[in-house]
Amino acid sequence: MPLITAPYVAPPDTGEPGTPGGGGGTIVPLPEIGYATVQYTDPSGTVWPLTDRDSGWWTLADGVSGLGAVTYGLTSDPQPRGGARLRHAQAQPRTIVWPLFVQGATHLEFIQRWRALATAFTRTLRLNADGSRTPGVLEIARPDGTRRTIEVFYQDGFEGQSKKGYYRDADSAVISLWCEDPYWSDPVPVVVHRATGSLGSFFTPFPSVSSSQVLGNTVVTNPSDTTVWPTWVITGPASLVTFTHTGTGESFTLNPSASAIGHGTLLAGEQVTISTDPPSVRFQNGDNWIGGLNWPTASLWGLASGDNPVSFALSGSGAASAVDLVFNPRYETA
């Protein structure tokens, strides 16, 4: 029998639940979330199905934990008449426990699978050239096609159970995965696009108003369980850009002509990307434009759960001017 020399990659999604390729493997019941299929993507981009027995490894669902609501650290102030008042709630990092059973038709096949899976998880702890680490991504898919993901780092547990007869052609590992951000994300982003309408004369040949305007107010709906921190993509022309959350009064302004940048007005088609978490401002060639914000009053605000009234204002806009607001909804549970 030939040995497996590369990790199994799930076949294209057929849309058929309960079959390999129907969303990452066979649908199985998992504690805290119900029926789902699961896959893991390691830092190299390789996809590992975790609920498909045909792959040679699968999840031992009875031991899965850490998929429920976020754990919070609470800060309170004692009250003079007894009790306390909640002052602050801080989301804590999440730990997910994931038991895996691995087997092979021969000892060598089992060992290859075991080693490859161990590397796929521990690779998250390796340093990149810039000193950063790349997390893996755990994905939970529902029978209706919806998905939620979370970034994970290997913590411990990829070791055999030392049971009699194990480690010959099968063994199990109980893996702990540590999550910097405890919230689950929808991998499908929400995109809000606003662009200038026709800039022709209002009176010729007849009055017309575009329903898609850069200048003005709009409402952005965040379907998440918590605040999201969006990314903004600004497409020129524009000489000054201001984004305001009219509900909170927070705002920030980007000036392409600021002395820290010295670029001048954004030309038609030129783009700047503003990330609110972590804060960054990048021109299309990668140049750092963080100095173009109106510090110290700039507030790179987030979107609370529900409806958010916001205002986009571009001075010097033209026919090609546009603003795109992009975010991935975030949820308490998988």
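Within segment 36-44, identify whether any single residue is more than 20 Å from the chain's Cα centre (by Cα), part of a strand (DSSP E or B) and modelled with pLDDT of 80 or more, and answer yes or no. No - not one qualifying residue is present in segment 36-44. Within segment 134-149, being in a loop (DSSP other than H, G, I, E, B), touching a Pro at 6+ places or on another chain (Cβ under 8 Å) and among the small types (G, A, S) holds for no residue.
Residues considered: G73, G63. Of these, the only one that is surrounded by fewer than 21 Cβ atoms within 10 Å (Cβ to Cβ) and either under 25 Å from the mean Cα position of the chain (by Cα) or at pLDDT 95 or above (or both) is G73.
Could you tell me whether segment 246-258 includes any residue that is in a loop (DSSP other than H, G, I, E, B), modelled with pLDDT under 95 and aliphatic (A, V, I, L, M)? No: zero hits. Would you please name the residue that is surrounded by the fewest Cβ atoms within 10 Å (Cβ to Cβ), looking only at residues in segment 166-188 that are among the aromatic types (F, W, Y) and at pLDDT 95 or above? Result: W178.
In the set (1) part of a strand (DSSP E or B); (2) exposed (fewer than 13 other Cβ atoms within 10 Å of the Cβ), the condition left unmet by R81 is number (1). Could you tell me whether segment 136-157 includes any residue that is over 30 Å from N308 (Cα atoms), among the basic types (K, R) and either touching a helix residue (DSSP H, G or I) at 6+ places or on another chain (Cβ under 7 Å) or modelled with pLDDT of 90 or more (or both)? No, the conditions are met nowhere in segment 136-157.
Quick check: is even one residue across segment 232-246 of a type outside the set (K, R), surrounded by 15 or more Cβ atoms within 10 Å (Cβ to Cβ), free of Cβ contacts under 8 Å to residues at least 60 places away in the same chain and in contact with a Phe, Trp or Tyr (Cβ under 7 Å, 6 or more places away or on another chain)? No, segment 232-246 has no match at all. The lone criterion from (1) in contact (Cβ under 8 Å) with a residue 24 or more places away in the chain; (2) under 25 Å from V102 (Cα atoms) left unmet by G160 is number (1).
The values are calculated or read from the model by the stated rules, or taken from the named source; none is laboratory data. Keep in mind that this is a model prediction, so the values were computed, not measured. Because the Cβ atoms are built from the backbone with ideal geometry, glycine has one as well, and the counts that use them run over all protein chains shown.
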